[in-house]
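Let me begin by presenting the structure, written as structure tokens, before commenting on it.
The values are calculated or read from the model by the stated rules, or taken from the named source; none is laboratory data. Owing to the predicted nature of the structure, the values given are computational and were not obtained by experimental measurement. Because the Cβ atoms are built from the backbone with ideal geometry, glycine has one as well, and the counts that use them run over all protein chains shown.
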Amino acid sequence: MKRLISILRDNNIDCLPNERFTLDVEMFLDNGEEHRFPKQVLFEFPELKGGKKLVPEANLSMFRYFLDGSQRSHRVIDASFKSRFLPICAGQIGVAVLEREYSGRMKPRRDLIRIENILAMPNVVEKDNAKDLEKKINNEMPENEHFRVVRYDYQSKEDKDPADLGRAMIIHEMQMLELKTIRDMIGKHMIQDERMLVKDGGLQYRDNKIKDLNFSKDDLVQLRNVIGLAKTFKPNMTLGQGRGRQDLGNLTKDLDWKERSTVIRPPKDKATTYGWWYLRLRPREKVYSPLQGIVKIEVFAIGIEEDDGIPEARADTISSYVLKERNVTPYNADARWASHIYPIYLAETYLRSSFLSHDRFKALIF
């Protein structure tokens, strides 16, 4: 088996030693979600008085499926392309779905587990050449360890390190894999009102990703049964305008146990409208920080909700399901336990165990 670097060199790509090569997955900055400051905050009808509300815990959760998408990105090598000196990035992306059976037991849906190796090259490489290179790479690789070559636009953001743009392309491919999985589940009639899906992280898909996948009108309706659950958020994000401006940390720190915030309006320049709010899962005296134990819940706005906002009853119902999931906890197994629900923790653990080991992935390259 030839290594990836050897194949690139055989195809006249001048690969140079890179002292910064690392398999540290925290090498790059996190892909922040709340990148814009919404000026209009309220996105709930009727308007929630006082800005927060105590939510009762549901007797039964309607969450049936739990999806986690993950990626590992690495700056593989620097290469000379005529007058340009640009990085080539590689990574693994994956999606795992766990299903809760009627007995309460969790099992992985092996038909929905998807793992891919990605090679992100700058778009100075022509599209046809990239496809030809992909074929040559995979002719040398074991069948279950093939790479898909994608191109990133190294000029799209002049203030960004091209390596960050390469990683952003790998994250984009992971998000598309998540959406393809959700679309396939909807197409198989798996996701319904009483069989909802919880996705780890937000639903803020950008760049018209949903439109690019050609969701049908019926598919878009079922997106109301897809919930995003994020464990982290930016407390210094500013909401509102004028005298009503406040930082998100001030909005959430005073939430008491089982209380939720009002639904927040996102920027309106997105392909698909969504709303989000915050819910405290743990009593404040059981956590070390006022912001620990708070989750961010995101939902798609469907139909008239795109203009009117998320109904209060819908936000209450979904919050009550999330509260039902707060135990068992991954306490002492994950530092984010206070903002975790156990099925998502299991999905994350399963997916990570399905990735190639660091040593094996590195062996494919060098």
Filter result for the condition that a residue is in a helix (DSSP H, G or I), out of contact with any helix residue (DSSP H, G or I) (no Cβ under 9 Å at 6 or more places or on another chain) and under 30 Å from residue 217 (Cβ atoms), over 347, 363: 347
Count - residues of region 243-274 that are part of a loop (DSSP other than H, G, I, E, B), of a type outside the set (A, V, I, L, M), at pLDDT 90 or above and crowded, with 19+ Cβ neighbours inside 10 Å: 2
Number of positions in region 58-74 that are assigned to a strand (DSSP E or B) and either farther than 20 Å from residue 175 by Cα or of a type in the set (Val, Ile, Thr) (or both): 2
Among residues of region 316-357, those that are of a type in the set (A, V, I, L, M, F, W, C) and touching a Phe, Trp or Tyr at 6+ places or on another chain (Cβ under 6 Å), counted: 4
Qualifying residue in region 141-148 (condition: crowded, with 19+ Cβ neighbours inside 10 Å, of a type in the set (A, V, I, L, M, F, W, C) and at pLDDT 95 or above): yes
Scope region 80-128; condition farther than 24 Å from residue 356 by Cβ and assigned to a loop (DSSP other than H, G, I, E, B); matching residues: 82, 83, 101, 102, 103, 104, 105, 123, 124, 125, 126
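Quick grid of which residues meet (1) in a strand (DSSP E or B); (2) in contact with a helix residue (DSSP H, G or I) (Cβ under 6 Å, 6 or more places away or on another chain); (3) closer than 18 Å to residue 72 by Cα:
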| site | (1), (2), (3) |
| --- | --- |
| 169 | no, no, yes |
| 172 | no, no, yes |
| 199 | yes, no, no |
| 203 | no, no, no |
| 222 | no, yes, no |
Filter result (surrounded by fewer than 21 Cβ atoms within 10 Å (Cβ to Cβ) and not polar (S, T, N, Q)) within region 275-304: 282, 283, 284, 285, 286, 287, 288, 290, 291, 302, 303, 304
Residue within region 298-318 that is under 18 Å from residue 58 (Cβ atoms), touching a Leu at 6+ places or on another chain (Cβ under 7 Å) and of a type in the set (A, V, I, L, M, F, W, C) present: no
Residues (part of a helix (DSSP H, G or I) and touching a residue at least 40 places away in the same chain (Cβ under 8 Å)) located in region 181-195: 181, 182, 184, 185
The listed residue being touching a residue at least 12 places away in the same chain (Cβ under 8 Å) and under 26 Å from residue 351 (Cα atoms), out of 221, 198: 198
Subset of region 29-53 that is of a type in the set (A, V, I, L, M) and surrounded by 12 or more Cβ atoms within 10 Å (Cβ to Cβ) - its residue that is modelled with the lowest pLDDT: 41
Residue in region 151-161 that is among the acidic types (Asp, Glu) and part of a helix (DSSP H, G or I) present: no
Count - residues of region 350-360 that are within 19 Å of the chain's Cα centre (by Cα) and assigned to a helix (DSSP H, G or I): 5
Verdict on residue 234 being within 25 Å of residue 345 (Cα to Cα), modelled with pLDDT of 85 or more and out of contact with any Phe, Trp or Tyr (no Cβ under 7 Å at 6 or more places or on another chain): no
Given (1) modelled with pLDDT of 95 or more; (2) more than 14 Å from residue 344 (Cα to Cα); (3) among the charged types (D, E, K, R); (4) crowded, with 20+ Cβ neighbours inside 10 Å, index of the condition residue 131 fails: (4)
Residue within region 305-328 that is surrounded by fewer than 22 Cβ atoms within 10 Å (Cβ to Cβ), in a helix (DSSP H, G or I) and of a type in the set (Phe, Trp, Tyr) present: yes
